[in-house]
1. Which residues, taken from the range 40-54, are open to solvent by less than 70 Å² (accessible area, probe 1.4 Å) and touching a strand residue (DSSP E or B) at 6+ places or on another chain (Cβ under 7 Å)?
2. Quick check: is even one residue across the range 164-176 within 20 Å of the chain's Cα centre (by Cα), more than 27 Å from Leu70 (Cα to Cα) and assigned to a helix (DSSP H, G or I)?
3. When you scan the range 159-176, how many residues do you find that are at pLDDT below 90 and open to solvent by 60 Å² or more (accessible area, probe 1.4 Å)?
4. Name every residue in the range 55-110 that is outside any strand (DSSP E or B), open to solvent by less than 60 Å² (accessible area, probe 1.4 Å) and of a type in the set (Val, Ile, Thr), in order of residue number.
5. Suppose we filter the range 137-155 for residues that are of a type outside the set (Lys, Arg) and either modelled with pLDDT of 90 or more or surrounded by fewer than 13 Cβ atoms within 10 Å (Cβ to Cβ) (or both); how many remain?
Amino acid sequence: MAAAQTKKGNGKLILIVAIVFVLYLAISQCWVVTMPNEYTVIRQFGKVISIRSEPGLTFKVPFIQTRETLPNMELIYDLPVSDVITKDKKTMTADSFALWRISDPQLFIQTLNGSVGNAEARIETLTYNAMKNVISSRTQTEVITGRDGQLAQDITASVVDSVKQYGIELLAVETKHLDLPDDNKSAVYQRMISERQNIAAGYTAEGESEAKKIRSEADKEAEIIVSEAKAQAEITIAEGEAEYMRILSAAYNDADRAEFYSFVRSLDAAKASLVNGGNTLFLSKDSPLAQIFYEN
């Protein structure tokens, strides 16, 4: 009898434990935790009946409804390295990445089956086509020298509308590396160096031509200034000589002064005749200079 009661008691305990476990399992299946960086998708028999984007704790019907998550944050996809052709038929190697996010999870599930891998495949295809079209409208030189962000903006603008149909928002397409293939990089760089040298030579030639022009104008102005100075000097000399002759004429018009000036000039002439430090002057009797001394 005691054994039967013990067996009955153990059965009740097992039943209670089983009930508690089922209740716990049912309750745990009811809880739905949505994180800040994810969407929670609730399905019932495979059909999406609810998409929850607000973080927090919500509930669902256990065993009938299931949950899955989608990322609700910015995602980065590293695009495969690819070759593109420029407008002048030159090959370039592009290494880029795309920043994107799921903006419409319902549309994302309908068009891409809620697969991030499918989304990245579509982004890759659309971005490559846009990159090919944008770069093919530019020459190789324009691509190399024009990396100011405009190229990435044009590529992004070409893709952003195309991915909206999949519930995707494309934030940006950035280029990590856009360069020449290794086999012709050296030749292209050499050509670019040669072009820059030609441009520099052109600037140098223009500078030298301008310098010659400036020097020629400066020399011409200097010649004009010197010529005007010489002319002015000659005028001044002529005026001085005229003044000298006027003074001399006025002096000789006065008899007393004329005799004195004649005597002074005779002395100056005699002094000028003494050379090499001599102090003796020999004159013939009929010399005009001697006549002046005789008269005086």
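1. Across the range 40-54, the qualifying residues are Thr40, Val41, Ile42, Arg43, Gln44, Val48, Ser50, Ile51, Arg52, Ser53.
2. The answer is no; no qualifying residue exists.
3. Residues of the range 159-176 at pLDDT below 90: 174-176.
Next cut, open to solvent by 60 Å² or more (accessible area, probe 1.4 Å) only: 174, 176.
Looking only at that region, the number is 2.
4. Answer for the range 55-110, where residues must be outside any strand (DSSP E or B), open to solvent by less than 60 Å² (accessible area, probe 1.4 Å) and of a type in the set (Val, Ile, Thr): Thr86, Ile109.
5. Residues that pass the stated criteria total 6.
The values are calculated or read from the model by the stated rules, or taken from the named source; none is laboratory data. Quick caveat, the model's predicted, so the values are computed rather than measured. For neighbour counting, all protein chains shown are included, and Cβ atoms are generated from backbone atoms with ideal geometry for every residue, glycine included. Quick note on the areas: whole protein, heavy atoms, side chains included, nothing else; ligands and nucleic acids left out. Shrake-Rupley method; radii C 1.70, N 1.55, O 1.52, S 1.80 Å.
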